[in-house]
Each structure stands twice: as structure tokens, then as C-alpha cells.
1. When you go through D36, D46 one by one, which is the residue that is acidic (D, E) and crowded, with 16+ Cβ neighbours inside 10 Å?
2. Report whether or not A361 is of a type outside the set (S, T, Y), touching a Gly at 6+ places or on another chain (Cβ under 8 Å) and closer than 21 Å to P297 by Cβ.
3. For region 48-70, which residues satisfy the criterion of being in contact with a helix residue (DSSP H, G or I) (Cβ under 6 Å, 6 or more places away or on another chain) and farther than 20 Å from C309 by Cα?
4. Counting only residues that are surrounded by 15 or more Cβ atoms within 10 Å (Cβ to Cβ), give me the helices (runs of 4 or more DSSP H) lying completely in region 105-186 with at least 1 of them.
5. When region 262-280 is examined, which residues are found to be closer than 18 Å to N315 by Cα, open to solvent by 30 Å² or more (accessible area, probe 1.4 Å) and of a type outside the set (G, A, S)?
6. Which residues, taken from region 326-345, are under 16 Å from S375 (Cβ atoms) and not β-branched (V, I, T)?
7. Is at least one residue of region 322-340 of a type in the set (A, V, I, L, M), in contact (Cβ under 8 Å) with a residue 24 or more places away in the chain, open to solvent by less than 40 Å² (accessible area, probe 1.4 Å) and in a helix (DSSP H, G or I)?
8. When you go through H131, H152, H137 one by one, which is the residue that is modelled with pLDDT of 95 or more, in contact with a strand residue (DSSP E or B) (Cβ under 8 Å, 6 or more places away or on another chain) and not aliphatic (A, V, I, L, M)?
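The values are calculated or read from the model by the stated rules, or taken from the named source; none is laboratory data. Computed from a prediction, not measured in an experiment: that's the story for all the values here. Please note: Cβ atoms are built from the backbone with ideal geometry, for glycine as well, and neighbour counts cover all protein chains shown. With ligands, DNA and RNA removed, areas are computed over all heavy atoms of the protein, side chains included. Shrake-Rupley method; radii C 1.70, N 1.55, O 1.52, S 1.80 Å.
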Amino acid sequence: MTQETARIFEVCDGCRRCFNLCPSFNTLFERIDAQDGDLGKLAAGDYERVADECYYCKLCYNHCPYTPPHQYEIDFPRLMVGWKKLQAQEGKARWRDRLLVRTDWIGRLGTLLAPLANWANAQSWFRGILHRIAGIHRDRQLVKFQGETFPHWFERTCDSRRSLGAPPPTLKVALFSTCLVDYHSGEVGRATVAVLEKNGVEVVRPEQQCCGMPHFDTGDIETILKKAQANVATLKPWVDRGYDVIAPVPSCSLMLKREYPHLLPTEDVKLVASHTFDVCEYLMKLKKQGRLDTNFPNRPGKIAYQIPCHLRDQNIGFKSKELMELTGASVEVIERCSGHDGTWGVKVEFFDLSMQIAAKAVREVEAVQADLVVSDCPLSGVQLTQAGGGKPTLHPIEVIRQAYGL
């Protein structure tokens, strides 16, 4: 690891194109400069700090001119995951870090105790305990737990959503709703279903579990592989029956499209990946086919749209922007990381740094003077709302639902 890292760090030092992308590169270049450019003088703590400050946004991968198939074969995000995996093998992963990535377990417990959990998370004394004992920053605005999970709502309303006398759907999708939507941001899931069904799309929700993205934080590749195998096993039968897979959260669609095939390059995984779409990407595909209902009675006005890092990494263009513009909205794109980045911005040691990153995005959002602030990532929404003084952040699919008047 040290030998390969030194090779990559040397290339990065000579390039420095990513100097302003994230804290990892700032720290890397500062430490190299402090040693007069001698990488051999970097200490083990320098390597670990660079890895700890990486939150796997993957912006550097698309920014880097030396990624595969270049002869240098540089993949900086995966290098950082390698260091996190090594730290875990050496017993350096904290119990807090291992707990925070268990999103399904936390979600199920939190929704069972939703009123109590949400009340406690709003109390300064309880947040003080979490700060001191668990290392969860007292000032971090946390996602709320829902009293009714999205999967329960989906099943409960299945019959009532079907309009009597409506023609049978001509399109079919399997919704990978994700743990974030299932337990915290159900309104995003409900808007996704409403908009898809408005456009004659049959929506099913197969059994599923967390996509595994949070486990990159602890370098737990083994768990990611298990989740990939489980999710592909439940999604593939639907793909075989002609269904596409839709995900409303960019981190999860990125996992299905790009990370699963890299880590587990089987034919089944590749098949599911080839039929997976971000929800706005899918709707713009319908638009291209002439199948999207473009009758929008409501106009959203001016929108400041922050495009999440994991959506930018998919290289699909600005589908959410294009979709919202169909409603007559004026959309300004904010290409800045929000700085929340999963569990990273929750932790005591990274919260202040997280908010510094968010401040750059918020300045650009405020400069737009928009009617609405929008992001495809619910966690980016939490971050922008907190850093921006409380103005709520919507998901693009919620904007579309409102434009339809649903």
C-alpha cells in the first residue's frame, strides 16, 4: 500500500489539478511541501490523515487526466478505500464508524421509536451525550425518522393508487428506493411513484437492502459484496421480465451502475447495471421517446440546483436540470460539493470542515436568488438547509410532482 500510494502521490504532486476539490488534496500537498517535496519523508500519520479526509465523492476521478486506461492507472478514491480497509484490518476503525454505516439497522430501530428518536435528537443535553460518547457532532442537523416507512406506505397505498378504468401501464420499473428514502425521506419516494405513475409507468418495489455505499467509509468491501449479491439477486428477475431499475438517490444508482460491476463483474451484475437509471435520467429517456407528459400547469419559478457529486460521476449530463426546465423553470446549476458526504460530515472531527465546504456551495446558491433550492441527494439537502439558514431543499422529482399539480 505504501509503495503504490507513494507512486500515485508523486504523480499527484506533479499535477496538482485537484488542489481545490477536497480536504485530502489540500492536506497531501501541504505535507509534501512541508517536506520540501520529498515524499520519502511523509509519515504514516500523513497517509492516514489523507485517507481519513477522503469521503469518496469521486470528483477527482473524473477530474484526473491519468485514470485508466492511461498508463499511470490512477484511481485515487479506490486508493483511499484501500487505506481505510487496511486501517480496519489493523483494528483502527472506531465502533462509531462501524455503527453509522449500518443504515438499515439504524433506520428500522429509529422508525420504531420515531417520535422519541426525533425528540431526543432535538435536545441539547442528548446531543451533548452523542457528541462526547459517540463522536456525533452536537451541531449536526440529523435526518429525521418517519413514523411510517416508505415500503409500508407503498404497500398500503398500492390498490388506491390504481385508477379505476385506467389503461394498463405500458412501461415497467423496479424501484430501488434506498435506505435513505425508506426511513428518512419518504416524500422523495412518494413523489417518484406519483410522477412515474402519472406517465403510465408500473412501479414495483422488490425486496432490497442498503446499496453498500456507506461501507466504503470503513473499507468494508466484504459487506459491500454481500449487499451487491443480495440486491442483484432480487433485481435481476424483474429485469429479465422487462423492468428497468430506477433509483432516486444518486449514491445508490452509482453503486448499481458503476461500483457493483467493478467489484463483482458477473453477467448478472452487468445486466442489472445496464438497466439502471437515475429517476430524472429515466424520465428524460421517456421524453426522448415522446412518452413523457409535458403538460405542467404549475411553474416552479427560478431554481438554484446543486448537482450532487455522485450524480456528476455518472457522466449522464444534467438530466435533472433539463427535466425541470420542461416545466418552464429557470435553472441555475451549482457544481459544488455540499460537504455532507454520508457519515463523514456527521463526525465530530470533520463537522467544521464539512460546513466550510458547504459554505462555498451556499454562497453560489444565495447568489442565484432563487425561488427554490434543489438537490438530487437528500443529505445534500440537509446540508444546504443547515448551512443556508434553514431554507428547505427539494429533490427534483418533488419539483416535477408540484409542477404536475399532483
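1. Checking each option against the conditions leaves just D46.
2. no
3. R49
4. Answer list for region 105-186: 114-121, 124-129, 150-156, 178-183.
5. Those that are closer than 18 Å to N315 by Cα, open to solvent by 30 Å² or more (accessible area, probe 1.4 Å) and of a type outside the set (G, A, S): H262, K270, H275, F277.
6. The answer is A329, E332, E335, R336, C337, S338, G339, H340, D341, G342, G345.
7. Looking for residues that are of a type in the set (A, V, I, L, M), in contact (Cβ under 8 Å) with a residue 24 or more places away in the chain, open to solvent by less than 40 Å² (accessible area, probe 1.4 Å) and in a helix (DSSP H, G or I), one finds at least one in region 322-340, hence yes.
8. That would be H137, the only listed residue that is modelled with pLDDT of 95 or more, in contact with a strand residue (DSSP E or B) (Cβ under 8 Å, 6 or more places away or on another chain) and not aliphatic (A, V, I, L, M).
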